[in-house]
1. If you roll a 1.4 Å probe over the chain with all protein chains in place, what percent of the accessible area is carbon or sulfur?
2. In whole Å, how far is the Cα centre of segment 188-212 from that of segment 46-62?
3. HN-Hα J couplings of segment 309-315 from phi, Karplus 6.51/-1.76/1.60, θ = phi - 60°, integer Hz, Gly and Pro as x?
4. Going toward the positive end of the dipole of segment 62-182, with +1 on Lys and Arg Cβ and -1 on Asp and Glu Cβ, which of 156, 146, 129 do you reach last?
5. Report the local net charge at residue 187: Lys and Arg +1, Asp and Glu -1, summed over other residues whose C-beta lies under 11 Å from its C-beta.
6. Between residue 364 and residue 109, what length in nm is gained on full extension when 0.36 nm per residue of separation is reduced by their alpha carbon distance?
7. Listed here are the pairs 54/131; 145/321; 54/243; 243/352; 157/282; which of them are more than 28 Å apart at the Cα?
8. Averaged per residue, what accessible area in Å² does the chain show with a 1.4 Å probe, protein chains only?
Amino acid sequence: MTRPSCLILTHRVPVPPNRGDRIRTCNFLRHIASRADVWLGCLADEPVSDDTWKTLQRLCHRVAIVPVEPRMRWLRAGASFLSGRTISEGAFASPRLRHIVSEWSSKTQFDSALCSSSALAPYLQIPTLDKTPRHVDLIDVDSEKWFDYARASGLIKRGIFRREGTRLRKLESSISCWASGITVVSEPEAEIYRSFRPDGPIQAIPNGVDVDYFRPEFGTPDGVAVNTSNQSGCVFVGALDYKPNVDGIVWFVRNVWPAIHRQRPDQTLRIVGREPVPEVQKLNEMAGVEVVGTVPDVRPYLSQAAVAVVPLHIARGVQNKVLEALAMAKAVVASPDPLVGLRVEDGVHLLKAVEAEQWVSCVIRLLDDVHLRRDVGIAGQAYVTAHHRWEQCLEPLMSFLHLKVREDFQATSVNEKQLLHDRETR
């Protein structure tokens with residue numbers, strides 16, 4: 001039986017899965033590539049390792065990685081904004097990638113095409129793809145994120161952010177006119193899309209977590225669950241050059257951590273994530289705070305911590321950092337926004353906190369009560385195992401893309417999964 005063919009375009013190289021959007025696109029790619037021949041075109045804003053090339057070449061029929069020079073990216077972004085389009089479209093515009101897509105689609109009649117984010121949607125409007133079912137994974141409704149930024153910003157930035165949100169909403173709405181399907185990360189995100197485009201072909205495909213990789217017994221020689229009585233301190237995991245993460249952890253360290261540290265001076269908050277910006281690096285000056293930065297594997301830091309904190313005030317979709325902490329049976333304290341796309345229960349699967357005083361109370365309770373930490377961790381781990389395994393979340397993807405599944409499908413090998421997980425922090 002001939003395997004179907006699928007064109008996939010991503011705005012970043014999807015391997016290694018070391019940040020939120022890459023985790024999703026990597027798992028989409030791996031799932032589709034195990035069942036279809038994939039032509040992958042992606043943009044690269046950082047060097048691509050030999051291991052990454054080898055992994056992608058094993059997964060895909062054809063691979064094209066187009067480097068994007070940062071200065072040119074922002075020149076195109078500014079020109080796009082000044083011309084009345086979105087910053088995002090300009091930032092991810094590449095004549096070279098457009099030429100590659102045009103060349104591929106002129107020689108191959110793809111059974112389906114998929115791009116990640118609205119910023120790449122223009123690539124799927126190339127005339128040679130007119131007869132191909134085209135799909136856009138918005139991931140989140142990005143226009144809403146820009147409106148969130150506007151509400152949280154000063155006067156000058158507010159105007160720019162609101163204008164970007166308005167233009168993105170127009171772009172997101174227009175995709176319904178030609179796309180065969182649109183996906184987002186959660187049903188709440190789908191409802192946001194339906195609020196301005198009720199007839200849109202929208203479907204929620206939630207984020208998952210690799211429960212075999214993020215497992216409670218990680219790091220124990222006998223394979224049993226980690227002893228929660230030996231854990232200490234708090235951990236925050238997230239890309240430390242991403243505005244919502246930066247704003248969230250800076251707020252936490254300035255408004256919550258001092259009160260915790262006064263009461264429990266033996267405890268440490270470790271901040272783990274790639275590319276910490278100067279504002280985050282400066283947090284090292286605070287008592288009891290350690291900015292770890294980029295690491296090859298976040299699991300040791302999650303495993304050793306008593307509490308994982310997720311203090312995000314702007315968060316769209318389903319947060320991988322929450323799923324991964326829950327999968328490792330961590331006691332999690334989180335703001336409401338990162339939990340909107342999850343069906344977790346406060347006090348059962350994790351603890352929810354809003355005001356600084358509530359954050360202090362929740363974290364202290366968990367630091368002091370090993371039995372509560374264990375019970376919450378076990379319940380959270382059971383929740384993600386039941387509802388957010390990647391295999392389960394991606395089950396509808398092939399039919400959504402109108403790709404016929406092979407009868408002789410075999411899952412990705414264990415060695416390949418480990419290589420794909422050769423990750424930094426997201």
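The values are calculated or read from the model by the stated rules, or taken from the named source; none is laboratory data. Computed from a predicted structure; not experimentally measured. FYI the Cβ positions are ideal-geometry reconstructions off the backbone, even for glycines, and counts take in every protein chain you see. The area values use the complete protein model at the heavy-atom level, side chains included, leaving out ligands, DNA and RNA. Shrake-Rupley method; radii C 1.70, N 1.55, O 1.52, S 1.80 Å.
1. On the way: 9130 of 18050 Å².
About 51 percent, which is the carbon plus sulfur part of the accessible surface.
2. 29
3. 10, 9, x, 9, 9, 10, 8
4. Value computed over the given set: 156.
5. Numbers: positive: 194, 343; negative: 189, 191.
Cβ neighbours under 11 Å give a net charge of 0.
6. Working: separation 255, 0.36 × 255 = 91.80 nm, distance 5.91 nm.
85.9 nm is the gain from fully extending residue 364 to residue 109.
7. Numbers: 54/131 32 Å; 145/321 18 Å; 54/243 32 Å; 243/352 22 Å; 157/282 24 Å.
The pairs that break the limit, which is 28 Å between Cα atoms, are 54/131; 54/243.
8. Working: 18050 Å² over 426 residues.
Accessible area per residue, the chain: 42 Å².
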